[in-house]
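Report on the following structure.
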Amino acid sequence: MFEIKRREKMVERALLVGAYPTPADKADAEDLLEELGELVRTLGVPVAEKMAVHSREPQARYFLGSGKAEEICEHAREIGCDVIIFDNELTPAQQRNWENLSKITVIDRQEVILDIFGARAQTKEAKLQVDLARMNYSLPRLTRAWGHLGKQGGGIGSKGEGESQLEQDKRKIRGQMDRLRRDLVEVRRNRANQRKDRKRAPVPNAAIVGYTNAGKSSLLRRLTGADVLVENALFATLDTTTRKINLPNRRPLLLTDTVGFIRKLPHQLVESFNATLEEAVMADFLVHLLDASHPRVLEFHATTMHVLEDLGADAKKTLTVFNKVDRVEDPMTKAMLRNAHPDALFVSVHSGEGLDALVARLAEFVGEENSELLLEIPHDRSDLVARLHREGVIHETEYLEAVTRIRATVPPRLRESISPFAVV
């Protein structure tokens, strides 16, 4: 089986470069470079320096102008860097041009995130998703790896000149990508079956979503006692974990931890991780966790909402929770966040502050979400009766001449289908 060869880990010092189009964008570019620095350090690579570079519009050859490119390469050599890492997305040709000019490794933010995901993936599903995303990224870049094998050869019975080594390898990769997609379909089918098993019992489900490193895994572990990895690093966990919590109103709730969001997430990973993010789409409601101590917390809220919008989950009922309030020293910061999100809760998973209020609010959400209804369902809609038995709780059933009268507790996912038959 053909494999994409990963770079050997020989990097000791990195120069980070981020280009911005207007002076007004400089602060945002510098903040993104700080985030890129955290991503790079997650890989164990020290950052020698960060450079925010003004560039009015992308250039075809180097993304930046030729003069600025030569200046950056010279500076990288002066400070002894082994790699230049761009916060901007580089085309395969631009990446190749930079490496020819600098004589050192040049990568972009996408490749950094792919390397982190590759190192962090644990389950079969996550590994398949990472491999597929890595191949999507690497396929157009094969010319850089196989430039010395571009000769074509023919033979007796061959048509035309034959295939180059590059074309053969691209064909092998596409074949392997097809196999990965088929494997992912099977894994997702199994996940769907597991979800059906969970929903046979009328237990509501809440997905914990939010920016990476907001404390989602820590919250799940604190509330449910789940044995999940907790680490102060970006993308510490990639795999979903679902655990049950018993609420004060004696109703159970399934809590699901999801992969963290991030600005400028490579589109290959958004597509590849749809199955992981499906938990947010299928949940009865969301717990949107945010790091209150981060200066860009409101921007992170917008980033997460944008991804949820892409998934079609932005309209779901959402409980906004600001975590790490024990790190917020300025009272004006908390006041600003309360003003922006008056219904939000403020907690500290580390100290336990506010967690009782959070659990009480979850109980309120579950109480609101699961309603008891008296229904009269026509006999030709036995499919709805069957769904009520699978996904709701049937309290009383009476068979009348034209309808089946049922009193049942109905979960939110069924309410839209069942509400036309409710007896007011």
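Before moving on, here are some points about what is shown:
- Subset of region 244-299 (residues that are surrounded by fewer than 16 Cβ atoms within 10 Å (Cβ to Cβ), at pLDDT 85 or above and of a type in the set (A, V, I, L, M)): L298
- Filter pass, T397 being of a type in the set (S, T, Y), more than 22 Å from N249 (Cβ to Cβ) and outside the structural domain of L265 (by TED's automatic domain parsing): yes
- Yes/no for A408 being within 35 Å of the chain's Cα centre (by Cα) and small (G, A, S): no
- None of A145, A201, A207 is among the small types (G, A, S), modelled with pLDDT under 75 and under 27 Å from T320 (Cα atoms) except A201.
Matching residues to (1) closer than 20 Å to E12 by Cα; (2) at pLDDT 95 or above; (3) outside the structural domain of Q176 (by TED's automatic domain parsing); (4) of a type in the set (G, A, S):
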| residue | (1), (2), (3), (4) |
| --- | --- |
| E70 | no, yes, yes, no |
| E89 | no, no, yes, no |
| W98 | yes, yes, yes, no |
| V112 | yes, no, yes, no |
| K127 | no, no, no, no |
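- For region 389-401, the criterion of being among the aliphatic types (A, V, I, L, M), at pLDDT 90 or above and not in a strand (DSSP E or B) is met by at least one residue.
- Listed by first and then second residue, the pairs with beta-carbon distance under 7 Å, at least 6 apart or on different chains, first residue in region 164-178 and touching a residue at least 60 places away in the same chain (Cβ under 8 Å), second loosely packed, with under 15 Cβ neighbours inside 10 Å and not β-branched (V, I, T), are D169/F2; K172/F2; I173/F2; Q176/M1; Q176/F2.
- One residue from S417, S351, S382 being among the hydroxyl-bearing types (S, T, Y), surrounded by fewer than 16 Cβ atoms within 10 Å (Cβ to Cβ) and closer than 20 Å to V297 by Cβ: S351
- Inside region 76-125, residues that are in a helix (DSSP H, G or I) and touching a strand residue (DSSP E or B) at 6+ places or on another chain (Cβ under 9 Å) make up a count of 13.
The values are calculated or read from the model by the stated rules, or taken from the named source; none is laboratory data. From a predicted model like this one, the values you see are computed outputs, not experimental measurements. Note: ideal-geometry Cβ built from the backbone for every residue, glycine included; neighbour counts use all protein chains shown.
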